[in-house]
Every structure is written in C-alpha cells, then in structure tokens.
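Trainee: The structure follows.
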Amino acid sequence: MTEGSLGKNILLFSIPLMISNLLQVLFNMADIAVVGQFAGSAALGSVGSTATLVTMFTDFLIGLSGGINVLTALYLGAGNKKATTETVHTSLLLSIIIGILLMLLGIGSSREILQILQTKPELLDGAVLYIRIYFLGIPALAVYNFGNAVFSAGGETKRPLYYLSFAGIVNVLLNLFFVIVCKMSVAGVAWASVIAQYISAIWIVRALFKSRETYALRRSSLHIHREKVKDILRIGVPAGAQNAIFQVANLFIQVGVNSFSATMVAGNSAAANADAVVYGVMMSFYTACGTFMGHNYGAGKKERIRKSYLVSLGYSFGVGMLLGILLVIFGKPFLGLFTSDPAVVEAGMHRLVIMGFSYGFSAFMDCTIAASRALGKSLAPTVIVLLGSCAFRIVWVYTVFAHFRTIPSLYLLYIFSWGITAAAEILYFVRIYKRQISAVVL
C-alpha cells in the first residue's frame, strides 16, 4: 500500500471488497427476491418495509468497523505491533457487546418504529415478524464486519470474500427451502439470513485466530484496553451515528413513500435494492481510500496520501455513474428479479430513472468523508453530513415534497442533498489536509 502504482493497487484491493459488499447486500436482496417471487406482493411489501430500519442498525456497525479499519491500518503502517494487537482484540470484544445491545434494542422497538413509519396495516405484522428474527443475527453481523475491517487493513481482502461467498450460497439455498418447501414465507427468509450471518462470522473469527500476522487474534490477548476503546469509538461512533442518522432521515422518506399506494410501496422496495448494489460497489473504494491513506499517513508518505484520495474518488464516481446508467437501461429486467407484477415494476422504474443518474455524485461526499477519517477527523465530517444531508432531507420532505406530493419530487432530494454536503466536506478536507500533512506524521 505504500509502494507501487496506486491506480493498480487500489483497484486490485477494492475488487474483492466490492464482491464482498455485494454478497452482504445479497442477503437482504435474496430475501426480497424469494418472497416476491414465491410468497406474493404482500410478503414483498412486508420485507421491503423493513429495509430502512435494517439498514439503520447495520450501517451503524459498518461505521464502527470503519473506525477499526482506520486505526488498524494506521498502526500497521507505523509498524506499531503492540498498538495493533490491542486495537484488534479490543475491537472484537467491543463489536460483540455493541452487536448484542443493538439486537435487544431492535427487537424491542421494531413494532413501534414501523408504526411511526406508517407501515401499511396489511404489511405490519409480517414486517414485525421479519425484523425481530433478522435482528437475532445482528451480533454476528457486527463480528463479521470487525473481521472484514481487520483483514482489509492488513491488505487481505480475498479471505473475507471466500467466507461470505459460502455464507451467501447457504442463505439463498435456505431461502428457497424455507419459503418453497416449508412455506414459512417472511419468517423463512429471515431465519435464512440469520444462519448465514453466523456462518460468516464464525469463519472469519476462526481465520483470525489461525493467522500468523500482526493483527491475528490470540486468546491470551482478549482484553479490553480502555484507551483503544476511546480511539475506536472516537472514529467509529461518529461514522456509525452518521450512517444511522442518515437512515433516520430516510425514515421520513419512507413515510413519504408510504403515503402512496401499496403497489408504489412494493415498487419502491424492489427498486431500493439498486441502492444497496451501487453503494456496495462504491463503498469498496471508500474503504480502499481510508486504508491506503491510513497506511501512508502512518508511514509518513505525504504525496501518496493525497493521491490515494484522488484515485479512490475517481474510481467511485466512475463506477457509480456506470452502474446507474446500466440500471436505467436494464431497470425492468432488474426489477423482474423481485416481482412478476407489471404494476410493481412500473412503480419501481420511477425511482430507478432518477436515482440512476444520481448515484455517481454521492462519491464526492462519501469518499471525502472517508479521507477525513483516515486523517483522524471524524466528528466534524459527521456534523457536516448530518446538517447537509440528513437535516436537509427532512426539510425537503416537509417543504418541496409536501407541496408537490409526487414521487419525482421525493426522489430528487438525494442528488440535491449529496451536492450540498459534498461541497462542504471537500472544503473541510482541503483545510485539514494542508494543516496535518505539513506536520510530522507519528
């Protein structure tokens, strides 16, 4: 990461991450596809109605793992074995604790949150059932993301991919078995996801215990180090909170969607799977950005820090635009994976057309946030994104959307919020880059 072509190395580093992120997305997509095809539009709507709530909790864990990744990469780049070991072992225990707390919170508050979201009465019971089972797998998801973050910080992105690939195959097979053979519908796809999540978590932890690298797990070192908890939470919690609050803002968007017909809700649920696909691919370059910048920041290689950001930004923008345009062109076949109802497909196209031309621009916001965090700055980028995107989206829902009351007026808020936030994030990054890179690194 500190030598050779950044363009080539970042791409090679990101490809396994890209596939890994897509496989995680496939857990929920497989649920939606199977229930949509074999259990009907009502089951599709029930599972789809939980998407924002599920993402709110899981994105918090992804943000937390981002803090783990940045710190591990920083210490590895600096050659600090003691700090690396303490960070990794503290991170595992902290991830388990936070995963259990989020599981209990999600199970206990799911019905109330779904009611606040104005989930359709005919979809509510199915949505509550799905979410309560799904949340049993949150601790496993926390552990897998921890392991993935550590391996990625060490430059190993293929091994987590293998484990997730196996778990993904199990997930799909169990989906089909539980829904088609056992007739379990919503509950079946939820249990399939839970089992798959624990499989991936067990395998990745097992690999870390068997590893001989500096970041390997050892039973004798499994202790919580308070100073490392502070460091992890200092970077990870703002990132996780940003992701979670992003979804809180999106809950208001879901309320707007729920104000339309059940067909539109189902169409939105199907089309929203495109978000996860595109963001999953783009996110691999954000992880690469943080990891490469962290290593070079730790090693004191100033010029490669800036180039790591620019290369990652170029890749993430390009792939976002490419995938978005492909979704506009092949939108109906894509939606056909989740439903055979022509009316639902047509409803989903309203979202895909607008979002397809917008995805790429989110890179200017998200990649810049990752770059700021790689330099140890997490709180200010979080505040900026909360004001520029989250608060802005809520205001939009109650002003622009409230005035026009149309689906396009709802979905256009994404591109506008990304543009405003990206401008502020870039200005902040340029300022801290000039200040911090001029100092001696470590």
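The values are calculated or read from the model by the stated rules, or taken from the named source; none is laboratory data. Treat the numbers as computed from the prediction; the structure is a model and nothing was measured. Note that each Cβ is placed from the backbone with ideal geometry, even for glycine, and that neighbours are counted across all protein chains shown. Accessible surface is based on the protein model in full, side chains and every heavy atom, while ligands, DNA and RNA are left aside. Shrake-Rupley method; radii C 1.70, N 1.55, O 1.52, S 1.80 Å.
Trainee: Can you work out which of the residues in region 264-285 that are of a type outside the set (S, T, N, Q), more than 14 Å from the chain's Cα centre (by Cα) and over 16 Å from residue 34 (Cβ atoms) is most open to solvent (accessible area, probe 1.4 Å)? Walk me through it before giving the result.
Mentor: Of all residues in region 264-285, those of a type outside the set (S, T, N, Q) come to 264-267, 270-272, 274-283, 285.
So of that shortlist, the ones also more than 14 Å from the chain's Cα centre (by Cα) come out as 264-267, 270-271.
Subsequent filtering for residues that are over 16 Å from residue 34 (Cβ atoms) retains 264-265, 267, 271.
On the way: 264: 30, 265: 1, 267: 0, 271: 0 Å².
Among residues in region 264-285 that are of a type outside the set (S, T, N, Q), more than 14 Å from the chain's Cα centre (by Cα) and over 16 Å from residue 34 (Cβ atoms), the one most open to solvent (accessible area, probe 1.4 Å) is 264.
Trainee: Only one residue in 401, 429 is in contact with a helix residue (DSSP H, G or I) (Cβ under 8 Å, 6 or more places away or on another chain) and either of a type in the set (Lys, Arg) or over 18 Å from residue 292 (Cα atoms) (or both). Which one? First the steps, then the outcome.
Mentor: Numbers: 429 fails: either of a type in the set (Lys, Arg) or over 18 Å from residue 292 (Cα atoms) (or both).
Criteria check complete, one pass: 401.
Residues checked against (1) within 17 Å of residue 418 (Cα to Cα); (2) out of contact with any His (no Cβ under 6 Å at 6 or more places or on another chain); (3) at pLDDT 90 or above:
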site	(1), (2), (3)
297	no, yes, no
335	no, yes, yes
365	yes, yes, yes
371	yes, yes, yes
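Trainee: Return only the number of the condition from (1) part of a helix (DSSP H, G or I); (2) open to solvent by 10 Å² or more (accessible area, probe 1.4 Å); (3) under 27 Å from residue 338 (Cβ atoms) that residue 209 does not satisfy.
Mentor: Every condition holds for residue 209 apart from (3).
Trainee: In region 142-169, which residue that is surrounded by fewer than 24 Cβ atoms within 10 Å (Cβ to Cβ) and free of Cβ contacts under 8 Å to residues at least 60 places away in the same chain is farthest from residue 232 (Cα to Cα)?
Mentor: Checking each candidate, the answer is 169.
Trainee: With 183, 230 as the choices, which residue is in a helix (DSSP H, G or I) and free of Cβ contacts under 8 Å to residues at least 60 places away in the same chain? Quick ask: steps written out before the conclusion?
Mentor: Numbers: 183 fails: in a helix (DSSP H, G or I).
Exactly one residue qualifies, and that residue is 230.
Trainee: Would you confirm, using the coordinates I've provided, whether residue 417 is in contact with a helix residue (DSSP H, G or I) (Cβ under 6 Å, 6 or more places away or on another chain), part of a helix (DSSP H, G or I), without any contact (Cβ under 8 Å) to a residue 60 or more places away in the chain and surrounded by fewer than 19 Cβ atoms within 10 Å (Cβ to Cβ)? Quick ask: steps written out before the conclusion?
Mentor: Details: in contact with a helix residue (DSSP H, G or I) (Cβ under 6 Å, 6 or more places away or on another chain): yes; part of a helix (DSSP H, G or I): yes; without any contact (Cβ under 8 Å) to a residue 60 or more places away in the chain: yes; surrounded by fewer than 19 Cβ atoms within 10 Å (Cβ to Cβ): no.
In short, no.
Trainee: Return the total of residues in region 107-148 being assigned to a helix (DSSP H, G or I), of a type in the set (Lys, Arg) and more than 23 Å from residue 175 (Cα to Cα).
Mentor: Kept after step one, since they are assigned to a helix (DSSP H, G or I), are these residues of region 107-148: 107-116, 121-148.
Checking which are of a type in the set (Lys, Arg) leaves us with 111, 132.
Those left that are additionally more than 23 Å from residue 175 (Cα to Cα): 111.
Counting residues in region 107-148 that are assigned to a helix (DSSP H, G or I), of a type in the set (Lys, Arg) and more than 23 Å from residue 175 (Cα to Cα) gives 1.
Trainee: Being part of a helix (DSSP H, G or I) and either in contact (Cβ under 8 Å) with a residue 12 or more places away in the chain or open to solvent by less than 20 Å² (accessible area, probe 1.4 Å) (or both) is the filter here, so list the residues in region 327-348 that pass it. Walk me through how you get there before you give the answer.
Mentor: Pass one, region 327-348, residues part of a helix (DSSP H, G or I): 327-329, 331-335, 342-348.
Matches in region 327-348: 327, 328, 331, 332, 334, 335, 343, 344, 345, 346, 347, 348.
This table checks each residue for (1) closer than 18 Å to residue 209 by Cβ; (2) in contact (Cβ under 8 Å) with a residue 60 or more places away in the chain; (3) touching a Cys at 6+ places or on another chain (Cβ under 6 Å); (4) open to solvent by less than 50 Å² (accessible area, probe 1.4 Å).
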| position | (1), (2), (3), (4) |
| --- | --- |
| 56 | no, yes, no, yes |
| 75 | no, yes, no, yes |
| 82 | no, no, no, no |
| 106 | no, no, no, yes |
| 114 | no, yes, no, yes |
| 117 | no, yes, no, yes |
| 122 | no, yes, no, no |
| 127 | no, yes, no, yes |
| 140 | yes, yes, no, yes |
